[in-house]
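Following: one structure in structure tokens, then a few remarks.
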Amino acid sequence: MPVSTWIAVAETARLQEGVPLLVKPKGIGILLIKRGAEIFAVRNKCPHMACPMEQGEVDEFELTCPCHGWVFDIRDGAFVRAPEIKVETYAAKVEGGDVLIDFDGETG
Ligand code: FES
């Protein structure tokens with residue numbers, strides 16, 4: 001039987017619409033971003049030059065890295081100008097007032 005990798009990372013009450021919330025499961029920085037009824041989880045490490053992105057601006061489903069302005073689609077992590085470049089993303093869900101993400105501690 002596969003081992004569940006869903007882990008609780010924050011109370012849903014801490015999330016504000018369109019404002020990245022930094023959490024650190026297993027010591028890895030991950031941003032939770034609420035958009036309407038959905039929550040997205042994105043690694044807090046830009047694939048360009050590894051800047052943290054918690055200060056980045058969110059517009060609809062796009063997150064702009066504050067260092068050099070690369071823009072990523074938070075739904076799949078794709079850099080909008082070259083989708084083959086991606087920031088890591090993780091499945092997220094809400095359960096009992098907590099946000100859970102599907103994260104086994106491994107990063108790419
Ligand atoms: S480090 Fe993110 S755009 Fe350069």
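Derivation of every value follows stated rules applied to the coordinates shown; laboratory data play no part. On a predicted model such as this, the values are computed, not experimentally measured, just so you know. Positions of Cβ are generated from backbone atoms using ideal geometry, with glycine treated the same way; all protein chains shown enter the neighbour counts.
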Quiz prompt | Dipole magnitude of the chain about its Cα centre (Cβ charges: Lys, Arg +1; Asp, Glu -1), debye to nearest 20 | solution = 240 debye
Quiz item: Once the piece of chain linking Lys24 and Thr12 is laid out straight, how much longer is it, given 0.36 nm per residue of separation minus the C-alpha distance between them?
Solution: 2.8 nm
Exercise. Rank the residues Phe61, Phe103, Phe79 as a footprinting-exposure proxy: fewest other Cβ atoms within 10 Å of their Cβ go first.
Key: Phe61, Phe79, Phe103
Quiz item: Could you give the distance between the Cα centres of region 1-20 and region 52-82, to the whole Å?
Solution: 20 Å
Quiz item: Using Cα pairs under 8 angstrom and six or more residues apart, how large is the relative contact order of the chain, in percent?
Solution: 27 percent
Quiz prompt | Exposure proxy ranking, count of Cβ atoms within 10 Å, fewest first, for Thr64, Thr89 | solution = Thr64, Thr89
Quiz item: Where the Cα atoms of the chain are projected onto their three principal axes, how long is each span, largest first, in whole Å?
Solution: 38, 30, 21
Quiz item: In region 6-102, what percentage of the DSSP-assigned beta bridges are antiparallel, given to the nearest 5?
Solution: 95 percent
Exercise. Give, in nm to one decimal, the length gained when the segment between Gln55 and Ser4 is fully stretched (0.36 nm per residue of separation minus the Cα-Cα distance).
Key: 15.2 nm
